[in-house]
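Heads up: the structure comes next, in structure tokens.
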Amino acid sequence: MKRRLGFLEASMYAGADTPVNVVFPVKIAGAMEEAALIGALQRIQRKHPFLNVTVETDAKGIPWYVTPGSILPIPLRIVDRLSEETWIDEAETEWSAPFNQTNLPLARITWVRSGQVSELLAVCHHCIGDATSAMTIMRELLECLADPATDLLPYPAISPDALVPVAVRQNILNRLAGKAIAGITRVFLLAVTGMKEVVKDRFYTIRWKLSEEETATLLSVCKEKGIHLNASLILVFMRAFERAGNVRTSGRMFASVDMRRFLPQIKKDHLFPFPSMVGLETPRDKNGFREQANALKARLHKQLEKTDAARLLLFSEYLVPLYPRSIKYAKAGKGGHDFAFANIGRIPLNETYGPLRVVEVHCPLSRFPMGNPSKVSVSTFRGRMDFAFHSEEKYIARQDAEFIIGTAMKLLREHLLETKPLTIPDLK
């Protein structure tokens with residue numbers, strides 16, 4: 001492969017020394033062998049084109065995917081599991097370690113090893129994969145460990161150009177719109193040329209889970225009352241941010257959307273980096289909780305219906321020459337929203353893989369040293385809802401984040417868990 005990154009891909013790249021990494025930690029019970037892990041990673045690397053590329057930047061500052069003459073294997077890093085929390089330190093290490101070594105793939109695995117209990121951390125650069133991609137790498141790794149004969153079929157690399165139909169590309173109005181968007185963006189970037197990068201280097205992640213009973217109650221009450229669960233979760237965090245007196249708020253958030261739903265050429269098991277966000281405004285607090293949540297749902301679905309992925313990709317092509325200036329602005333800007341929200345849903349892993357048992361799964365997370373780094377992620381595995389809040393101290397102090405979490409969970413309890421107790425384990 002040798003092709004220029006699309007604008008959305010390049011935005012996730014952000015430079016060789018800037019870590020924009022997705023980390024997916026899974027706790028495993030059962031003995032694993034280093035040789036078996038290495039063999040499984042070789043098969044996974046043969047399947048995915050993005051695991052056989054590095055990124056090089058040309059004289060104009062534009063990054064390119066390049067397949068080196070001799071790409072090295074996916075790195076496997078092994079550390080001793082000294083406690084139940086060793087994996088947390090290793091996740092921090094992986095988030096802060098850039099993919100900037102020559103001829104190495106843009107993914108790696110960390111094995112936090114002990115005799116019968118381990119954590120596996122699947123790590124990939126966001127310019128080759130999103131949370132779904134990290135989960136795919138983990139699932140295929142476990143499948144290959146359970147059965148070395150597992151068939152992983154390679155697929156051809158797909159570029160943004162191939163995802164835009166000829167009719168869309170040749171439409172004169174689309175071409176004029178793409179040039180107009182590029183022109184407006186160029187003028188805007190000229191106006192903010194003097195902005196200086198805001199260094200974000202004090203990231204933190206706070207995780208907590210609901211019990212099986214609490215998760216089941218939440219699902220049951222939403223179904224019984226006709227309340228959209230995803231919109232409800234967004235709403236309680238919107239209200240929590242609104243009540244955080246020490247936090248700058250705009251009354252706007254971004255909901256993450258998997259672009260695969262709009263691009264049938266990209267399958268669930270393909271590595272795919274394109275981000276998509278839908279902006280939502282905090283509703284007025286004049287109606288009941290159900291009405292507010294369902295109004296958010298209606299707005300979200302209306303925007304999803306209007307999403308034209310092919311035109312978005314086409315327009316983004318016109319922005320590629322502006323990438324060096326746009327990423328400089330992204331590192332200097334604060335973002336015009338309060339937080340991003342990603343509901344990953346049910347984690348697509350089995351509970352057992354041969355002799356291995358999946359004991360616990362944590363939300364796959366990415367950290368962005370550009371713009372607003374604040375994000376709430378939620379996923380479900382084995383009937384338990386798992387949450388993560390991550391941000392950066394200079395952006396939102398950890399104590400303010402804990403206030404936001406506590407307020408959001410209190411609202412969730414008041415409106416959806418009724419009088420049933422909601423316990424929050426120690427935040428860590």
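The values are calculated or read from the model by the stated rules, or taken from the named source; none is laboratory data. Here the structure is a predicted model, which is why all the values come from computation and not from measurement. Cβ coordinates were reconstructed from backbone atoms using ideal geometry, including for glycine residues, and neighbour counts include every protein chain displayed. Note: accessible area is taken over every heavy atom of the protein model, side chains too, but ligands, DNA and RNA are not part of it. Shrake-Rupley method; radii C 1.70, N 1.55, O 1.52, S 1.80 Å.
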Among the residues of the stretch 244-285, which ones are among the hydrophobic types (A, V, I, L, M, F, W, C), out of contact with any helix residue (DSSP H, G or I) (no Cβ under 7 Å at 6 or more places or on another chain) and crowded, with 18+ Cβ neighbours inside 10 Å?
254
Residues of the stretch 302-359 being basic (Lys, Arg) and more than 30 Å from residue 200 (Cβ to Cβ), in sequence order, are 302, 306, 311, 346, 357
Residues in the stretch 231-238: is at least one more than 21 Å from residue 373 (Cβ to Cβ) and in contact with a Lys or Arg (Cβ under 6 Å, 6 or more places away or on another chain)?
yes
Qualifying positions in the stretch 326-366 - among the acidic types (Asp, Glu), surrounded by fewer than 19 Cβ atoms within 10 Å (Cβ to Cβ) and outside any strand (DSSP E or B):
351
Residue check for residue 186: open to solvent by 70 Å² or more (accessible area, probe 1.4 Å), over 30 Å from residue 412 (Cβ atoms) and touching a residue at least 40 places away in the same chain (Cβ under 8 Å)
yes
Which numbered condition residue 311 misses (of (1) touching a helix residue (DSSP H, G or I) at 6+ places or on another chain (Cβ under 8 Å); (2) under 21 Å from residue 378 (Cβ atoms); (3) open to solvent by 60 Å² or more (accessible area, probe 1.4 Å); (4) part of a helix (DSSP H, G or I))
(2)
Exactly one of (1) of a type outside the set (Lys, Arg); (2) modelled with pLDDT under 95; (3) buried (at least 19 other Cβ atoms within 10 Å of the Cβ); (4) not in a loop (DSSP other than H, G, I, E, B) is unmet by residue 373. Its number?
(4)
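Kindly indicate whether any position in the stretch 164-174 is more than 26 Å from residue 329 (Cβ to Cβ), touching a residue at least 60 places away in the same chain (Cβ under 8 Å) and buried (at least 19 other Cβ atoms within 10 Å of the Cβ).
No, there is no match, as no residue in the stretch 164-174 is more than 26 Å from residue 329 (Cβ to Cβ), touching a residue at least 60 places away in the same chain (Cβ under 8 Å) and buried (at least 19 other Cβ atoms within 10 Å of the Cβ).
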Is one or more of the residues making up the stretch 257-275 assigned to a helix (DSSP H, G or I) and in contact with a strand residue (DSSP E or B) (Cβ under 6 Å, 6 or more places away or on another chain)?
no
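In the stretch 1-44, how many residues are farther than 23 Å from residue 109 by Cβ and either among the aliphatic types (A, V, I, L, M) or open to solvent by less than 10 Å² (accessible area, probe 1.4 Å) (or both)? Show your work before the answer.
Pass one, the stretch 1-44, residues farther than 23 Å from residue 109 by Cβ: 2-8, 10-11, 15.
Pick out the ones that are also either among the aliphatic types (A, V, I, L, M) or open to solvent by less than 10 Å² (accessible area, probe 1.4 Å) (or both) and you get 5, 8, 10.
The qualifying residues number 3.
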